[in-house]
Structure formats: structure tokens, C-alpha cells
Amino acid sequence: MSEALFPRSFRKSFPRAVRGEGCHVFTADGKKYLDAAGGAAVVSIGHGVAAIGEAMAAQARRLAFVHSSQFHTEAAACLAERLRHLAPGEFRQTGRVFFTSGGSEATETALKLCRQYFIERGEPRRTRMVARWQSYHGSTLGALAVSGNLKRRATYQPLLADWGHIAPCYCYRCPLGLTYPDCHVACADELEKFVQEVGPETVAAFIVEPVVGATLGAVVPPDGYLQRIAEICRRYGILLIADEVMTGMGRTGKKFGVEHWGVVPDIILVGKGVASGYAPLGAVVVSGEVAETIAGGSGSFEHGFTYSAHAVAAAAGLAVLDHLEQNQLFARVAPAGEQLLKALEPLKNLPVVGDIRGRGLLVGVELVKDRTSREPFAPEQKLADRIYQAALEEGVVTYPIQGCVDGERGDHILLAPPYIVSGEEIAEIARALEQAIARAIRS
Ligand code: PLP
């Protein structure tokens with residue numbers, strides 16, 4: 001009998017997961033996997049925390065759902081309050097939080113919010129939502145239109161709006177052929193050049209992942225980059241959207257990635273870690289100024305989802321935040337990340353390991369055919385996938401991605417374990433990945 005599930009790939013077999021505990025996932029055939037990817041940088045507090053399920057069940061028993069156009073709930077109101085307190089700067093006092101069911105919906109919401117903001121301000125020509133190549137902001141059409149991941153865009157290209165992309169900030173393969181610090185972060189100035197070319201009066205927003213997660217593999221910008229981007233946005237009246245779906249909620253060692261550079265954007269997108277995978281939840285944290293423009297203008301946001309601010313998802317978010325705070329898990333990320341980078345050091349002895357990078361528990365390992373020229377492997381060789389498979393056979397789940405060089409070429413492995421990852425588990429991840437890379441290049 002064929003399976004009824006529509007799989008992500010018809011060419012791959014999927015172990016059937018039945019239970020999770022801590023950093024581990026157990027499958028129906030009795031195997032145990034160390035989740036070094038946190039799913040896809042989702043699981044922050046670890047699998048199988050009973051208190052989260054209990055909080056969700058209690059909420060579902062009391063009240064599972066009301067429509068956000070008709071009622072507010074205590075769970076959503078309380079989580080909004082706590083999320084704005086985690087955000088930097090004035091968000092804490094005046095920010096507003098719009099809930100979604102995940103990261104792509106958060107991006108869609110932000111794009112539509114920016115559009116409506118400028119209409120309400122009497123600047124309707126500001127329609128461009130500018131982004132960077134080699135970025136990822138979600139899979140729905142608006143979110144994919146701003147995403148700069150060529151491979152994920154290719155099939156849907158004719159359906160995507162063309163608002164403009166600028167070069168990424170990727171020092172290992174600088175798109176401008178420059179070297180930091182002599183470059184004076186010229187890649188940030190690409191935004192200003194672009195804005196001047198198309199006319200500032202046409203640009204609504206710039207969206208950026210503070211640390212590029214999936215597409216580039218944990219690429220951290222050098223100091224000065226995000227600050228310059230923020231300055232340019234301010235100078236031209238462009239809204240700055242920080243896509244913290246992957247980097248937020250502590251993943252890089254700060255509550256939000258922008259804090260590493262003291263940048264306060266206009267909108268922060270949250271997803272993944274916000275409910276640690278216990279419920280589909282995302283959020284758009286909006287500055288008081290943006291929210292007030294709509295509140296004092298038309299008075300309502302022309303947008304919404306049936307499941308916005310779902311009470312059970314919000315209860316999961318609250319319980320996860322309690323767990324993060326009560327167990328001081330935010331503070332674990334930076335030292336655990338350093339431990340992970342240190343444990344990965346021996347991988348540099350493998351001739352195909354070109355770069356190991358990241359911040360906190362968001363770490364990328366980029367593979368190259370030639371370390372000196374940094375030439376990547378041919379995409380048909382599917383090296384990242386082969387490493388994933390080999391690591392899985394070692395009992396460790398990683399996140400393999402291709403295309404970091406130009407959307408097609410380039411392989412990297414992303415690691416994003418739960419914040420509770422222990423020293424032994426870190427050692428195990430490094431050992432398994434080393435073995436897996438060695439095996440994959442032999443095969
Ligand atoms: N933004 C970033 C930075 C992401 O990494 C992702 C997912 O990987 C998304 C948005 C989309 O989130 P979701 O898959 O929850 O829709």
C-alpha cells in the first residue's frame with residue numbers, strides 16, 4: 001500500500017519519528033538520533049518537555065480557539081507583552097506584536113504592513129521590498145519574492161514580484177572581491193547605490209537576516225555592516241525588517257541577533273524557536289511608530305490569518321519562554337556555541353572543509369573542492385546531502401544545504417542543536433560530522 005503523506009522528496013525515505021527527549025529523536029524502528037539541527041534551527045529547549053504539552057492541553061481544555069477579529073485571549077496578550085520586552089530599544093515600551101503560524105506568514109505580514117504603512121503616510125509609491133541575494137525569508141510567494149535563494153526561487157520565478165536584491169555580505173566569498181576591514185563594508189553601500197538608482201521614493205523596506213541562516217550557512221556580518229544598513233534605511237525613510245525567524249529567541253547568544261551590533265530595526269520577525277517546535281507559531285514585532293501610523297490612520301490592518309494568535313500556540317510560546325527563563329537557557333547559548341566551534345576545529349584537517357563559522361548555536365561548515373581557490377564541488381555530486389546521510393548513519397541529524405556560492409554551487413552543513421546540548425553531545429556531533437565528511441568524500 002502506498003503512503004498517503006505527500007513527502008518533501010519522493011526519492012528519499014523518512015524514518016518514522018515516535019518520541020523526542022532532550023536532544024534526541026527516537027524512531028519506530030528503535031533507533032535514536034542526536035538532533036544537531038534542532039529540526040531546522042527550531043528546537044531551542046529540547047524535545048519532550050512535558051510542561052509544554054501540559055500547558056497546551058490546559059489551554060485547549062479551557063479554550064482552544066477564538067477568531068482574532070472577534071476576541072483576544074489572555075495567552076496571546078501575555079505572550080505579546082513578554083515578547084516585546086525581549087526586543088531591544090523602544091519595542092519594550094511601545095512595540096506591538098502580531099502573531100502568525102510561522103516564519104513565512106511573519107514575512108508576508110511584514111511586507112503587507114510596510115505597504116499599508118506607506119499608504120497611510122501618503123507615500124503610495126513606496127512599493128519595493130528590497131532584500132539580498134543568498135537570503136531566505138520563507139516559502140510563500142511574497143516571502144519567496146524577497147528571498148534571494150536562487151534554487152528555491154527557480155521553479156516559481158514567473159510568479160515572483162521583482163522588487164530588487166543587493167549583494168549579500170559574505171566575507172568568505174566577497175561578491176565585490178574585497179577583504180574586511182579594508183573594504184569598509186562596501187557591501188552595505190550597495191543598498192544606498194540601489195536606492196539611488198531606483199529612487200528612494202519607491203523603496204518601502206529592506207529585509208535582512210542578521211546572521212544568514214539556511215542559504216549561506218551561519219554567515220555572520222563583520223562589525224559595521226548592519227549599523228551601516230540601518231543608517232542607510234534611516235537616511236532614506238526605509239523601514240528595516242530584521243528577519244530573526246532563525247536567529248531570534250536566543251539562537252545566536254543574544255535574545256535577537258541585531259543586538260550583537262546595537263541595531264534597532266522597525267520590525268522584527270520571529271518564528272522557529274519562539275515555540276521550540278511545540279506549536280506552529282511566529283510573530284511580527286512592530287515598532288510603536290509603525291503601529292501608531294496605522295492606529296491613527298485607517299485604524300485597521302488589512303490582513304490576517306484564521307489562526308493568528310491561536311490560543312494553544314500562544315500557550316506553547318508562553319510555556320517555552322518560561323522554560324527558557326527558569327532554566328537560564330538564553331545564557332547557555334554563547335558558551336555552548338563556543339564549545340561547538342572548538343569541538344569542530346579538528347575538522348579543519350579535512351582538506352574539503354573550507355570554512356567553519358557562526359554565532360551561538362547557529363554554526364555552518366562550508367565544504368570546498370579546493371581550499372586555496374575555494375572552488376566548490378559540482379552540484380550534481382550532492383555532497384551536502386551525502387554528508388547528511390552519512391551523519392544520519394552515525395546517529396546524528398544535520399541540516400544540509402546547497403547553493404551558498406551562487407544559488408546552485410556550494411555545499412554546507414548547518415548545525416543548530418537545542419540550547420540544552422551537553423558537552424558530550426557536542427563532542428558526539430563533531431565526531432559524527434568528521435566521520436560523515438570523511439566517508440562522503442571517499443564514496
Ligand atoms: N525566515 C528565515 C530566516 C528562515 O530561516 C525561515 C525558515 O527557514 C523562514 C523565514 C520561513 O519560516 P517558516 O518555514 O516557518 O515559514
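Side notes on the structure shown:
- Filter result for G253 (within 19 Å of the chain's Cα centre (by Cα), farther than 21 Å from R173 by Cβ and near the ligand (Cβ under 10 Å from one of its atoms)): no
- Evaluation of H47 against (1) touching a Leu at 6+ places or on another chain (Cβ under 8 Å); (2) within 19 Å of G277 (Cα to Cα); (3) not small (G, A, S) (one fails), failing number: (1)
- Among all positions in segment 152-168, there is no residue which is within 14 Å of the ligand (Cβ to nearest atom), assigned to a strand (DSSP E or B), within 30 Å of P418 (Cα to Cα) and not assigned by TED's automatic domain parsing to the domain that holds L414.
- Meets criteria (farther than 30 Å from Y172 by Cβ, assigned by TED's automatic domain parsing to the domain that holds F118, at pLDDT 95 or above and part of a strand (DSSP E or B)) for V285: yes
- Scanning segment 366-413 for residues that are of a type in the set (A, V, I, L, M, F, W, C) and touching a Lys or Arg at 6+ places or on another chain (Cβ under 7 Å) turns up V368, F377, A390, V405.
- Positions within segment 333-356 being in contact (Cβ under 8 Å) with a residue 24 or more places away in the chain, surrounded by fewer than 20 Cβ atoms within 10 Å (Cβ to Cβ) and not hydrophobic (A, V, I, L, M, F, W, C), in sequence order: Q339, P346
- Of the criteria (1) within 27 Å of Q402 (Cα to Cα); (2) under 21 Å from the mean Cα position of the chain (by Cα); (3) crowded, with 18+ Cβ neighbours inside 10 Å, which one T100 fails: (1)
- Failed item, numbered, when G407 is tested on (1) crowded, with 16+ Cβ neighbours inside 10 Å; (2) at pLDDT below 95; (3) closer than 18 Å to N349 by Cα: (3)
- Just one of (1) surrounded by fewer than 15 Cβ atoms within 10 Å (Cβ to Cβ); (2) more than 18 Å from P417 (Cβ to Cβ) fails for L86. It is (1).
- Of the criteria (1) in contact (Cβ under 8 Å) with a residue 60 or more places away in the chain; (2) within 16 Å of the ligand (Cβ to nearest atom); (3) touching a strand residue (DSSP E or B) at 6+ places or on another chain (Cβ under 8 Å), which one G288 fails: (2)
- Put simply, of A110, A145, A131 the only residue that is free of Cβ contacts under 8 Å to residues at least 24 places away in the same chain, surrounded by 20 or more Cβ atoms within 10 Å (Cβ to Cβ) and under 24 Å from the mean Cα position of the chain (by Cα) is A145.
- All positions within segment 67-118 that are among the charged types (D, E, K, R) and either within 15 Å of the ligand (Cβ to nearest atom) or in contact with a helix residue (DSSP H, G or I) (Cβ under 8 Å, 6 or more places away or on another chain) (or both): R82, R84, E90, R92, R96, E105, E108, K112
- Residue ID - nearest to the ligand (Cβ to nearest atom), chosen from residues in segment 215-250 that are within 13 Å of G358 (Cα to Cα) and surrounded by fewer than 24 Cβ atoms within 10 Å (Cβ to Cβ): V220
- Residue match in segment 2-21 (condition: on the phi > 0 side of the Ramachandran plot and either at pLDDT 95 or above or more than 16 Å from the ligand (Cβ to nearest atom) (or both)): no
- Selected residue (criterion: farthest from V208 (Cα to Cα)) from residues of segment 256-277 that are within 11 Å of the ligand (Cβ to nearest atom) and among the hydrophobic types (A, V, I, L, M, F, W, C): A275
- Subset of segment 371-381 (residues that are touching a residue at least 24 places away in the same chain (Cβ under 8 Å), part of a loop (DSSP other than H, G, I, E, B) and surrounded by fewer than 19 Cβ atoms within 10 Å (Cβ to Cβ)): R374, A378
- Test result for S300, more than 16 Å from the ligand (Cβ to nearest atom), among the hydroxyl-bearing types (S, T, Y), farther than 21 Å from H47 by Cβ and without any contact (Cβ under 8 Å) to a residue 24 or more places away in the chain: yes
- The residue that is farthest from the ligand (Cβ to nearest atom), among those in segment 125-149 that are under 24 Å from D189 (Cα atoms) and touching an Asp or Glu at 6+ places or on another chain (Cβ under 7 Å), is R125.
- Taking every residue in segment 198-227 that is not assigned by TED's automatic domain parsing to the domain that holds I119 and polar (S, T, N, Q) and pairing it with any residue that is modelled with pLDDT of 95 or more and in a helix (DSSP H, G or I), at least 6 positions away or on another chain, yields no pair with a Cβ-Cβ distance below 8 Å.
- Wholly within segment 43-113, helices (runs of 4 or more DSSP H) carrying at least 1 residues that are of a type in the set (S, T, N, Q): 50-62, 91-94
So that you can scan it fast, the table gives a plain yes or no per residue for (1) surrounded by 12 or more Cβ atoms within 10 Å (Cβ to Cβ); (2) of a type outside the set (D, E, K, R); (3) assigned by TED's automatic domain parsing to the domain that holds I401:
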{"residue": "A4", "(1), (2), (3)": "no, yes, no"}
{"residue": "R8", "(1), (2), (3)": "no, no, no"}
{"residue": "T27", "(1), (2), (3)": "yes, yes, yes"}
{"residue": "Q59", "(1), (2), (3)": "yes, yes, no"}
{"residue": "R62", "(1), (2), (3)": "yes, no, no"}
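The values are calculated or read from the model by the stated rules, or taken from the named source; none is laboratory data. Computed from a prediction, not measured in an experiment: that's the story for all the values here. So basically every Cβ, Gly included, is an ideal-geometry build from the backbone, and we count neighbours across all protein chains shown.
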